[in-house]
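Quick notes on the structure that follows.
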Amino acid sequence: MRLLAIDTAYEACSVGVAGGRAPAVAREVIGRGHAEKLMGMVEAAMREAGLAFADLDRIAVVTGPGSFTGLRVGIAAARGLALVSRIPVVGIGTLAALAESAREEAGAVPVLAVIDARRDEIYAEAFAADGSPLGEPVVVPARAAAAMLGPGMQLAGSGSDLVRAAAGRDVPVIHRDASPDIAAVLRLAEVAPAPVAPPKPLYLRPPDAKPQASARVARR
Amino acid sequence: MIVLGIETSCDETAAALVERRPDGTGRILSDVVLSQTDAHAVFGGVVPEIAARAHVEMLDGVIARAMADAGLGFAGIDAVAATAGPGLIGGVLVGLVTGKAIALAAQKPLVAVNHLEGHALTARLTDHVAFPYLLLLVSGGHSQFVAVDGVGRYRRLGGTIDDALGEAFDKAAKLLGLGYPGGPQIERLAREGAAARFPLPRPLIGRPGADFSFSGLKTALRLAAEEIAPLSDRDVADLAASFQATVTEVVRDRAANAMRAFSSPVYGGGGPPKAVEGAGAMPTLVVAGGVAANQALRATLDDVARANGFRLVAPPLRLCSDNAVMIAWAGAERLVLGLHDGLATPARPRWPLESLRREEAA
């Protein structure tokens, strides 16, 4: 399968192409500025792989959780490319990709993927040893994330130390990344079912907005 | 030349296809605008994060619709133009990145368009207005007089010291309990109200220059309303009428000064050219932006333009509020001059019109 994968969820800006004449992977840790960097990286990776957009079978993009702006940059790029190339876009969750790279590293173990969500919260999702999800991704306090740790489960992701501290026991930590490994995204995208609709960002938090307090003058 | 335009800088998700012919005339091939007004109304104004979330989910569908309406595939376009600012950065990023992706996949040039330049050049599409002309740009975020000398060549003759005109309308509507967006509500009620009932201050009238200031007027309206609260329907209509009449008088005074400045060589442009192509020697005042939809304002501008020897050009209402036709057209105007942008071009929350010229020189 010929695939282009994009990740802009956190500090890294990553692109991967599989199925071309050579695997092409690029990753830059930039923090900000994904919107300026991404498209040049996509262009270079496609050239390196020797593929045209019309050759692709699907485009994969990391949907979240992540920086709201970063998620939108990646998804807008994937959906824009797909609109012209008339190919499906597969959304891959950030936590699923972190768990996949953890299994690649540690073997077939159950994984609780956790990202530091700031504001004393954790993005968390549990996966079985075969990689299948055991629930939905959630945003919860560290203590609640620790309660999601099943038997033999190991931690992966940037929230690992916070969750381990909350668990109060020595849970093994496979990695402490927030940005997924693009190779893991490519692997998941290859076996993902055909999407029924284009992916949307998975924010897990509502927009920061409150209805404005009425400033109106009293009416009769 | 056919250009796809993309606009996402505020609360409209829009895409359009516009053709520019070699003689400089243009034709709209499609024009799709998806408004998010309802999603923001409960908040009394546009919430940037809500707007950005809606843009990323809707934009590709809006573009597909614009392409289908025009009966074109991506191979049939010559360039992609996307708003790169100024505006709400979350939304601008969605539109600009989508534009970059389409440009890359379709192997077409990208034009990063300044949203204000889109408004500024619309009259050239709709009325084939020749350079130079005087522009009054009035919207929720901007109130300025600009001498439009050419594509990418702008001189600011006046701006707002505090609130934009559209912002003043929205705030007035809010304190009168009229909902969002406020401009159309004020205009509707003002037709039934007595404009002479509440004498309001008319900021900067009689002073030199073409600047605006509306925040004091808003405060005066609030005080006048609170004095007679609770308000009856008649009170609200009279307040709306008094407010709108005051605003239009301010614009009349400021516009007269701007027209004098535009015609004066001391402002650096050497005045209007000796021979203006097209409409004889009569200089042109163009009004653009969402507030240009206000009929009372248009009537006042028409009046003051005639009194100063100008003709007024006001694009159709649909093209005054935010749309992608103007972005596609501005993109075409830039592309004809060989101006286009790389895939690394940034989105800019702030991007004054008069800075465009410096960038070209640099």
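The values are calculated or read from the model by the stated rules, or taken from the named source; none is laboratory data. Source: prediction; values computed, not measured. Heads up, the Cβs are rebuilt from the backbone with ideal geometry, glycines too, and the neighbour counts pull from every protein chain shown. Ligands, DNA and RNA are stripped out before the accessible areas are found, and what is left, the full protein with its side chains, is counted by its heavy atoms. Shrake-Rupley method; radii C 1.70, N 1.55, O 1.52, S 1.80 Å.
Side notes on the structure shown:
- Ellipticity at 222 nm from helices only: DSSP H runs of n ≥ 4 in chain B, each -39500 (n - 2.57), divided by the residue count, give -14000 deg cm²/dmol.
- Burial ranking of peptide ranges B:209-221, B:150-162 (average Cβ count within 10 Å, highest at the top): B:209-221, B:150-162
- 27 Å Cα-Cα threshold exceeded, pairs from A:K200/B:K174; A:K37/A:K200; A:K210/B:K100: A:K200/B:K174; A:K210/B:K100
- Residues with amide H under 5 Å from that of A:V90, placed H, sequence gap 5 or more: A:I59, A:A60, A:V61
- Note on region B:199-222 and region B:47-121: Cα centroid distance 37 Å, given to the nearest whole angstrom.
- Globularity index of region B:26-112, i.e. its alpha-carbon radius of gyration over 2.2 N^0.38 Å: 1.17
- 3J(HN,Hα) couplings calculated from phi for region A:28-33 with the Karplus curve 6.51 cos²θ - 1.76 cosθ + 1.60 (θ = phi - 60°) are, in sequence order, 10, 8, 10, x, 10, x Hz; Gly and Pro show x.
- For the protein assembly as shown, radius of gyration divided by Kirkwood radius, i.e. Rg to Rh on alpha-carbons: 1.05
- Histogram of C-alpha separations across region A:78-220, 5 Å bin width, %: 2, 10, 17, 20, 15, 11, 9, 5, 4, 3, 2, 2, 1, 0, 0
- Legend: mean number of C-beta atoms from other chains within 10 angstrom of residue C-beta atoms, peptide B:43-50, equals 4.
- Ratio of Rg to Rh over region A:151-220 (Cα coordinates, Kirkwood Rh, two decimals): 1.26
- Couplings for region A:107-121, taken from phi via the Karplus curve 6.51 cos²θ - 1.76 cosθ + 1.60 with θ = phi - 60°, read x, 7, 10, x, 10, 9, 7, 9, 10, 5, 8, 6, 6, 6, 10 Hz in order; Gly and Pro are left as x.
- By accessible area, using a 1.4 Å probe on protein heavy atoms only, chain B has 54% of its surface on carbon and sulfur.
- Computed over chain B: relative contact order in percent, which uses C-alpha pairs under 8 Å that are six or more apart: 24
- Helical mean residue ellipticity (222 nm; -39500 (n - 2.57) per DSSP H run of 4+; nearest 500) of chain A: -10000 deg cm²/dmol
- Taking B:P283, B:P349, B:P109 in turn, the Gaussian network model of chain B (Cα-Cα springs below 10 Å) assigns the largest fluctuation to B:P349.
- Against the empirical curve 2.2 N^0.38 Å, the C-alpha radius of gyration of chain B lands at a ratio of 0.99.
- When B:R197, A:R58 are compared by accessible surface with a 1.4 Å probe, the order from highest to lowest is B:R197, A:R58.
- All-pairs alpha carbon distance profile, region B:203-261, 10 Å steps from 0, percent: 22, 43, 23, 10, 1
- Ranked by how many other beta carbons lie within 10 Å on average, peptides B:86-93, B:10-17 from highest: B:10-17, B:86-93
- Max mean-square fluctuation residue, GNM over chain A, Cα-Cα springs under 10 Å, options A:A166, A:A78, A:A178: A:A166
- Convex hull volume of the Cα atoms of region A:95-175, normalised per residue: 70 Å³.
- Span-rule helices in chain B, defined as complete DSSP H runs reaching 27 Å or more along the axis (Cα) with Kyte mean at least 0.0: B:48-70
- Here the translational diffusion coefficient of region B:130-314 follows from Stokes-Einstein with Rh set to the Kirkwood radius across Cα pairs; for 10 °C and 1.306 mPa s it amounts to 94 µm²/s.
- Near B:L29, the amide H atoms lying under 5 Å from its own belong to B:L17, B:V18, B:E19; only residues 5 or more places off or on other chains count, and H is placed 1.01 Å from N.
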